[in-house]
Amino acid sequence: MNKIEHIEGNLNLFHKSILLIAFVLLSSIKSQGLAVLDIAPLDISDEKILTLSEQFREVISTKIGREIMSAESVQKILEDDQVNNRWCAEEWCGKEIGGLLKAEETIVSSIWKDDKIYRIKGLLINIESDSVTISHEFDFAGEEESLFNEVEYMAHVLLSTSQPPEIQRQHEYIDEKSLALQGITEKRMRLKATLLSTVVPGLGQYYLKNKLTGGAWLSTQLILGSFALSEYLTWRDSYDDYYRYEDLYLTSTDVNDIDNYRNEMIKTYDLAKSSIKDRKKITNIISSLWILNILHAYLISPSTDEILNDISIRFSHHHIKNEFQLRLILAIN
Amino acid sequence: MQSIKFLTSFLLLLFGCEKLPVKSFDNPLDVVESKLIGVSLPALVFFPDSVSIKTGETISLGVYAMEVNELSGAHIQINYERQKINISSVISGELLKSTTEPFFNYNNDTLAGILDIYTTSYVLDSLQTGSKTGSLANIEIRANVPGKIIIQYTDSTEFVDQNDNPIIIKSKLPGVIDVSKSQ
C-alpha cells in the first residue's frame, strides 16, 4: 500500500514539472514584442513602398526606440505559412498575421494613391486583447516626397510619442497645402469672409488681413449708422414734442398762444417727417454699402495660387525664425 | 453672434416703429384753422366744442366770440335738450371785462330748454377797436342721461357795437357733449 502511494506521489510531481516547463516555454514564445508589417501599397511603386516601409521601421526602432521584430524574421515566419505581409492592411489580417508571428502588438498600414490624393492608414493592433489600440488616417494632396514625413508622423501617432517639432510643422504644412490644392481653403476662406462681412461690415476684409479696407468699411458704416441713429432720435423728440404742443394747443383759449402752439406743431411735424425721410435715405445708403462690402469681401478672397504662395511664405518664414532661434541657442551655449 | 442678431432685430424694430404724428388742429378758437375749413368770421363757438363725460358729471363750457369788431353788448340764446342736461350755473366771461365788471344776467327756461344770456360793457375804455376773441360766459352743465347731446345757439342771438348797431355773426357753431353711462 505504501509503495502504491509512493508511485502516485512521484507521478503528481512529474505532472507538475511538465506543466511548469510548458508554461516557461509558452512565456518565452509569447514575448515576441512589436511586429511592423510592410506598408501595403495601392497604386504606389514597389520600390517606393519598400523604401517607405524601411523608413517606417527605422523611425520606430531608432527614433522612437521600440524593439521590433526584424523584417527578415517576419518574412521567414510568414514564408513558412506562404503569406505575403505586404498585402496586409486591414484589422482582421493584422490580427491573423500577428497571431502567426506570435507578436504582442502588430502595426499594419497602407498608402493608397487615389488619383491626386494620398491616403495613409495605420493600425496598432493588440493581439492579446484582439483589438485595435490606436488608428491613424490622413489624406493629402501634394508631392510624393511628403510621404516620408507622413510615414514618420504616423509612427509617432501609432506609438503615442510626441512629434518632433520639424515633423509636426512639416505635417501642418502638408495638411494646409493639401487643403489649398484641393481648393477647399479657397472656398472656406471665401465663405467665411463673405459671412463675416455679412454679419459685421469690414470683418471679412479684416479676416483676409486686409485691415485697412476692413477698417474703412466698418468706420463708414459706423458713421452712417450714427447719422441714422441721430435722425431717429430727432424723430423721437419731434414726435413727443408734437403731442406736447398739441396738448397745450387744445387746452389754450388765448388766440396768440393757439397760434404759437399751432406753429410749433407744424414745425415739429415737419421735423419728424424730414427726419424719417433722411433716416430712410441714410439706411438705404447703409444697406447698399453693406451689400457692396459683402461683394468686396467675396471678390478679394485669395485664389488657390495666392493661398499656396502665402502658405509657402508663412512656413519658410517659420523655418527661418526657427533657424535663427537655433543659431541663438548655439551661440549662447 | 447672438448679440448681433439682437442688435439687428432691435434696429429693425427701432426704425420700423417710426411714424408721423396724426396732424389735427381741433381747437375751435384756432382762427387760422377755422378759415381753412371754411368757417366764416365773426363766429360764436363753444369751448371745448366737443367733450366726453359720464352721467352725473359736470362740465364747464365757454361761450366764445371769435374775431368780433367793436363788440359792446350781446344777447346769447342757447337751445339745449332739457331732458338730458341741467344747467347748474352761468357766470360772466372775460371778453367784456375792463376796470369795471360788465353787466351780466341770464334766464334759464328749464321747461323750454332755452338759456338766455345778456351781457354789456359799461365803460368806454372797454370799447373794442380791433378784432377780438374771448369768452362771453361760462356755463356749467350736468349730464343726466347717456347719449350724444347737442347744444346750439339760436337765431335770436345777437351782437351790438357801442352805438347799438347790430354786428353780423356769420357762424354759430354748436357744441357736442358725448355722455356715457357711469359705472
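Observations
- Checked against (1) farther than 30 Å from residue B:94 by Cβ; (2) surrounded by fewer than 17 Cβ atoms within 10 Å (Cβ to Cβ), residue A:266 passes all but condition (1).
- Some residue of the range A:255-266 being in contact with a helix residue (DSSP H, G or I) (Cβ under 7 Å, 6 or more places away or on another chain) and more than 8 Å from every other protein chain (Cβ to nearest Cβ): yes
- Put simply, of A:74, A:108, A:59 the only residue that is touching a strand residue (DSSP E or B) at 6+ places or on another chain (Cβ under 8 Å), closer than 16 Å to residue A:155 by Cα and touching a residue at least 24 places away in the same chain (Cβ under 8 Å) is A:108.
For (1) within 14 Å of chain B (Cβ to nearest Cβ); (2) under 30 Å from residue A:60 (Cα atoms), each residue gets a yes or a no:
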position	(1), (2)
A:165	no, yes
A:172	no, yes
A:179	no, yes
A:199	yes, no
A:215	no, no
A:234	yes, no
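- Pairing each residue of the range B:34-48 that is more than 26 Å from residue B:59 (Cα to Cα) and within 13 Å of chain A (Cβ to nearest Cβ) with any residue that is of a type in the set (A, V, I, L, M) and surrounded by fewer than 21 Cβ atoms within 10 Å (Cβ to Cβ), provided the two are 6+ apart or on different chains, yields C-beta distances under 9 Å for B:35/B:41; B:41/B:31.
- Unmet criterion (only one of (1) farther than 19 Å from residue A:311 by Cβ; (2) touching a residue at least 24 places away in the same chain (Cβ under 8 Å); (3) under 14 Å from the mean Cα position of the chain (by Cα)) for residue A:137: (2)
- Candidates A:251, A:194, filtered to the one that is more than 14 Å from chain B (Cβ to nearest Cβ) and among the polar types (S, T, N, Q): A:194
- Residue satisfying all of: in the range B:18-35; in a helix (DSSP H, G or I) and in contact with a strand residue (DSSP E or B) (Cβ under 8 Å, 6 or more places away or on another chain); farthest from residue A:253 (Cα to Cα) among these: B:34
- Note on the range A:267-312: residues that are in contact with a Lys or Arg (Cβ under 7 Å, 6 or more places away or on another chain) and within 14 Å of chain B (Cβ to nearest Cβ) amount to 1.
- Looking only at residues of the range A:225-267 that are in a helix (DSSP H, G or I), among the β-branched types (Val, Ile, Thr) and more than 60 Å from the chain's Cα centre (by Cα), we find that the one that is farthest from residue A:290 (Cα to Cα) is A:255.
- As a summary of the residue check, residue B:71 satisfies the conditions (1) over 17 Å from the mean Cα position of the chain (by Cα); (2) in a strand (DSSP E or B); (3) crowded, with 18+ Cβ neighbours inside 10 Å except for the one numbered (2).
- Taken over the range A:292-329, the criterion of being among the hydrophobic types (A, V, I, L, M, F, W, C), exposed (fewer than 14 other Cβ atoms within 10 Å of the Cβ) and at pLDDT below 95 is satisfied by A:313, A:320, A:324, A:326, A:328, A:329.
- The conditions of being more than 7 Å from every other protein chain (Cβ to nearest Cβ), surrounded by 15 or more Cβ atoms within 10 Å (Cβ to Cβ), closer than 17 Å to residue B:25 by Cβ and out of contact with any Ser or Thr (no Cβ under 9 Å at 6 or more places or on another chain) are not met by residue A:246.
- For the range B:138-147, residues that are more than 13 Å from every other protein chain (Cβ to nearest Cβ) and within 29 Å of residue B:68 (Cβ to Cβ) total 3.
- In the range A:29-46, the residues that are outside any strand (DSSP E or B) and hydrophobic (A, V, I, L, M, F, W, C): A:29, A:37, A:39, A:44
- Residues in the range A:168-180 that are surrounded by fewer than 20 Cβ atoms within 10 Å (Cβ to Cβ) and either among the aliphatic types (A, V, I, L, M) or outside any helix (DSSP H, G or I) (or both): A:179 alone.
Per-residue answers, yes or no, for (1) surrounded by fewer than 18 Cβ atoms within 10 Å (Cβ to Cβ); (2) modelled with pLDDT of 95 or more; (3) of a type in the set (Val, Ile, Thr):
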{"position": "A:113", "(1), (2), (3)": "yes, no, no"}
{"position": "A:129", "(1), (2), (3)": "yes, no, no"}
{"position": "A:137", "(1), (2), (3)": "yes, yes, no"}
{"position": "A:153", "(1), (2), (3)": "no, yes, no"}
{"position": "A:165", "(1), (2), (3)": "yes, no, no"}
{"position": "A:202", "(1), (2), (3)": "no, yes, no"}
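- Tally of residues being closer than 21 Å to residue B:61 by Cβ and surrounded by 16 or more Cβ atoms within 10 Å (Cβ to Cβ) across the range B:154-170: 3
The values are calculated or read from the model by the stated rules, or taken from the named source; none is laboratory data. On a predicted model such as this, the values are computed, not experimentally measured, just so you know. When we count neighbours, we look across all protein chains shown, and the Cβ atoms used for this are built from the backbone with ideal geometry, even at glycine.
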